[in-house]
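Asks: Below is a structure I'd like to ask you about.
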Amino acid sequence: MDESQLLKGILEGCVLKIIFNKETYGYQIMIELAEAGFSNIIEGTLYPILTRLEKKEYVKCRKAKSPLGPTRKYYSITKLGNQHLEEYLVMYQELIEKANSLLFNSVHRVQI
């Protein structure tokens, strides 16, 4: 099974949660995703997510000079982003509970 289809729906929420924790920039987000086990995320996956979050006004972006080199885009969550994250977490929890009940319930257990 292609993991990317499952991952698509989850990554946006994970990225928003990272930004909720603190203002940050793309490369740092990739590091935090990798530390959480999402080690195969590449820039070509992350930056479109950041663009979508910005277009939806869930995050805002500011440019600032990096102490180590070129200008960076720093992302912070907006009030609308906070609301969306709260709703996302509730929906995600409910979905996980339903899926776990079905997938791991002994009555429906698949022989591996």
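What follows draws every value from the coordinates through simple rules; no lab data is involved. Note that this is a predicted model, so its numbers are computed, not measured.
Asks: What are the ³J(HN,Hα) couplings of segment 16-30, residue after residue, when phi is run through the Karplus curve with 6.51, -1.76, 1.60 and θ = phi - 60°? Round to Hz, x for glycine and proline.
Replies: 5, 5, 4, 5, 4, 5, 5, 4, 7, 10, x, 5, 5, 4, 4
Asks: Straight-line reach from Lys63: which lysines have Cα under 17 Å away, leaving out those fewer than 8 places along the same chain?
Replies: Lys22, Lys55, Lys73
Asks: Send over the Kirkwood Rh of segment 3-108, from the inverse of the averaged 1/r over different Cα pairs, rounded to one decimal Å.
Replies: Evaluated on segment 3-108, it is 15.0 Å.
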